[in-house]
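**Q** Dumping the structure here so I can ask a few things about it.
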Amino acid sequence: MKKLVLAAVSAIAFAGVASSANAAIVVSAAVADDLHGATLAAHNQIMLDNFDDIDSPLTSYVGNIIEYPDEFQDPISTSAPPPYSGGIIIGGAANPVDNTNYASVQGGTSATYTLLGGATLRGFSFYMGSPDTYNKVTFFHEDGGSTVFEGADIWGGDPPGTGDRTQGFRVYYSFGTTKVTSIRFESSADAFEYDGLAGIVPEPATWALMIGGFGMAGAMIRRRKAALA
Ligand SMILES: [Ca+2]
Ligand SMILES: [Ca+2]
Ligand SMILES: [Ca+2]
């Protein structure tokens, strides 16, 4: 019996070492102008929430949403009184506007994106417009840890964030083995604008298989215990 427990403990310890080496959340790509998620399939991601017609039941979003066009008038000529601080721009000034609803975190405020019902994210991307060095994103891990990206680190730093409203890109994060339960968006000044939240959420079938697998492992341990007793 002691041997079995030791084996189980060392197996868990080994799994811990193996996963921590591959646990970091990192920026894996930044794709210019991909508001609507044309590149999502290539990253095995799906659109979860776009503040318009797509609203995943697996997620909740609490934060300021700019409703286009009601709260949004000519963002090129309007210089930045909240909540108009930096509309999300597609394709440069010649094709300037995210003409859909989007999120805008104003200075000194935050927004929270939460996975519901025990679901976790295994990868994430979002469309970030007018990137600013005072923006901040925090990923909260299932195991209680967190990963913080501030300023240029949010999108990998290239191009530099000047709040230029002609800049916008979809930023992809790979999670390694980390599972994320919520994401907080913050900004110390106006503003942090984004849209098109997307990611990797395991299919219900995957959960069923995993739960089934745990059940089988439990049954095997019980059988072994019975045989050893
Ligand atoms: Ca949702
Ligand atoms: Ca939208
Ligand atoms: Ca901005």
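**Q** Looking at SER174, SER182, SER187, can you tell me which residue is within 16 Å of ligand 1 (Cβ to nearest atom) and either closer than 22 Å to THR59 by Cβ or modelled with pLDDT under 90 (or both)? Even if it seems obvious, please write down each step before you answer.
**A** Working: SER174 fails: within 16 Å of ligand 1 (Cβ to nearest atom); SER187 fails: within 16 Å of ligand 1 (Cβ to nearest atom).
SER182 is the lone residue from the list that is within 16 Å of ligand 1 (Cβ to nearest atom) and either closer than 22 Å to THR59 by Cβ or modelled with pLDDT under 90 (or both).
**Q** Please work out if LEU35 is within 16 Å of ligand 2 (Cβ to nearest atom), at pLDDT 95 or above and closer than 26 Å to GLU150 by Cα.
**A** Numbers: within 16 Å of ligand 2 (Cβ to nearest atom): yes; at pLDDT 95 or above: no; closer than 26 Å to GLU150 by Cα: yes.
Criteria not met by LEU35.
**Q** Oh, and also: When the residues of the stretch 149-195 are narrowed to those that are over 19 Å from ALA30 (Cα atoms) and not hydroxyl-bearing (Ser, Thr, Tyr), which ends up surrounded by the most Cβ atoms within 10 Å (Cβ to Cβ)? Spell out how you get there, then give the answer.
**A** Within the stretch 149-195, the subset over 19 Å from ALA30 (Cα atoms) is 177-182, 184, 186-191.
Checking which are not hydroxyl-bearing (Ser, Thr, Tyr) leaves us with 179-180, 184, 186, 189-191.
Values: LYS179: 16, VAL180: 22, ARG184: 18, GLU186: 19, ALA189: 14, ASP190: 23, ALA191: 27.
So, considering only residues that are over 19 Å from ALA30 (Cα atoms) and not hydroxyl-bearing (Ser, Thr, Tyr), the one surrounded by the most Cβ atoms within 10 Å (Cβ to Cβ) is ALA191.
**Q** Restricting attention to the stretch 149-197, which residues are part of a helix (DSSP H, G or I) and free of Cβ contacts under 8 Å to residues at least 60 places away in the same chain? Explain how you work it out, then say what you get.
**A** Step one: of the stretch 149-197, the residues part of a helix (DSSP H, G or I) are 151-154.
The answer is GLY151, ALA152.
Listed here are the residues, each with its yes/no results for (1) surrounded by fewer than 24 Cβ atoms within 10 Å (Cβ to Cβ); (2) within 16 Å of ligand 2 (Cβ to nearest atom); (3) within 16 Å of the chain's Cα centre (by Cα); (4) of a type in the set (Gly, Ala, Ser).
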site: ALA111; (1), (2), (3), (4): yes, yes, yes, yes
site: LEU116; (1), (2), (3), (4): yes, no, yes, no
site: GLY123; (1), (2), (3), (4): yes, no, yes, yes
site: PRO131; (1), (2), (3), (4): no, no, no, no
site: TYR134; (1), (2), (3), (4): yes, no, no, no
site: GLU142; (1), (2), (3), (4): yes, no, yes, no
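The values are calculated or read from the model by the stated rules, or taken from the named source; none is laboratory data. Since this is a predicted model, take the numbers as computed values, not measurements. Counting neighbours? That spans all protein chains shown, and the Cβs are built from the backbone with ideal geometry, glycine included.
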